[in-house]
1. What pairs can you find where one residue is in the stretch 80-94 and within 14 Å of K124 (Cβ to Cβ), the other is open to solvent by 40 Å² or more (accessible area, probe 1.4 Å), and their Cβ atoms are less than 7 Å apart, with a gap of 6+ or different chains?
2. Checking the conditions here, which among L112, L173 is within 15 Å of the ligand (Cβ to nearest atom), among the aliphatic types (A, V, I, L, M), at positive phi and surrounded by fewer than 24 Cβ atoms within 10 Å (Cβ to Cβ)?
3. Pairs only if they're at least six apart or on different chains, beta carbon under 9 angstrom, first in the stretch 20-37 and farther than 21 Å from V88 by Cβ and open to solvent by 30 Å² or more (accessible area, probe 1.4 Å), second in a helix (DSSP H, G or I) and modelled with pLDDT of 95 or more; list them, first residue then second.
4. Which residues, counting only those in the stretch 162-175, are touching a residue at least 12 places away in the same chain (Cβ under 8 Å) and not in a loop (DSSP other than H, G, I, E, B)?
5. Hey, any hits in the stretch 154-161 for a residue that's touching a strand residue (DSSP E or B) at 6+ places or on another chain (Cβ under 8 Å), touching a residue at least 12 places away in the same chain (Cβ under 8 Å) and assigned to a helix (DSSP H, G or I)?
6. Among the candidates A97, A33, A60, A68, which residue alone is assigned to a helix (DSSP H, G or I), touching a helix residue (DSSP H, G or I) at 6+ places or on another chain (Cβ under 8 Å) and modelled with pLDDT of 95 or more?
7. For the list (1) open to solvent by less than 10 Å² (accessible area, probe 1.4 Å); (2) part of a helix (DSSP H, G or I); (3) free of Cβ contacts under 8 Å to residues at least 40 places away in the same chain, I need the number of the one condition that H149 fails.
Amino acid sequence: MKFFIDTANLEQIKEANDLGILDGVTTNPSLMAKEGITGTENILEHYKKICSIVDGDVSAEVISTDYANIIEEGKKLAALHPNIVVKVPMIKDGIKAIKYFTDNGIKTNCTLVFSAGQAILAAKAGATYLSPFVGRLDDISFDGIDLIHQIRHIYDNYNYKTEILAASVRNSLHIIKCAEVGADVVTCPLSSITGLFNHPLTDKGLAQFLADYAKGNS
Ligand code: G3P
């Protein structure tokens, strides 16, 4: 399973990348705004900075919602760097645009996915990645992990190549559950990744080993 970090914060991206286990980055307009990155030119420059840190796919989201403008915006984003993946919302014009990008060798990430039906449409359009939002489904009392499981089953039935990129993954348990049900990728905050390190028996055991070593060498 690939690990993507879901942020536009360059320090956190560097920290995750330095761990040596980062495979890519996802962003969205809200994450850009959170870092104070506003205005088209600044946003485009920021994508280039992210691409210079991480050697992996970087999702850059369009803000257009009609076919012609999604195509124009997506081409501009894709031209920034070979690792840019054009992130397109799950709407009719978005699906049409994903088909266009697929036919023209541009990678895509279909975002704001909340149902298996939407997942089928994106796979048929040839999306590179599909982003079902786990946490936001949990927020409204639907099991987000169940949706990942259902999509995995459907995609395997038809050998769809679209990778399931579990998004809105908010904690370390979400990551483990996504791995159990066969997500291809998880994207999450740095804290969810570093949370995987934690176990009190690791801390206790290491403290004991170091104390015993010190006894023998004092
Ligand atoms: O990748 C989608 C993600 O940014 C949404 O996360 O926590 O706002 O639901 P959240």
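1. M90/L112; M90/Q118
2. Working: L173 fails: at positive phi.
Among L112, L173, only L112 is within 15 Å of the ligand (Cβ to nearest atom), among the aliphatic types (A, V, I, L, M), at positive phi and surrounded by fewer than 24 Cβ atoms within 10 Å (Cβ to Cβ).
3. I21/I193; E35/L10; E35/H46
4. E163, I164, L165, A166, A167, S172, H174, I175
5. Yes - at least one qualifying residue is present in the stretch 154-161.
6. Of A97, A33, A60, A68, the one residue that is assigned to a helix (DSSP H, G or I), touching a helix residue (DSSP H, G or I) at 6+ places or on another chain (Cβ under 8 Å) and modelled with pLDDT of 95 or more is A97.
7. It is condition (1) that H149 fails.
The values are calculated or read from the model by the stated rules, or taken from the named source; none is laboratory data. Since the model is a prediction, treat every value here as computed from it, not as a measurement. Glycine gets a Cβ as well: all are built from the backbone with ideal geometry, and neighbour counts include every protein chain shown. When the accessible area is computed, the model is the full protein with side chains, heavy atoms only, and any ligands, DNA or RNA have been set aside. Shrake-Rupley method; radii C 1.70, N 1.55, O 1.52, S 1.80 Å.
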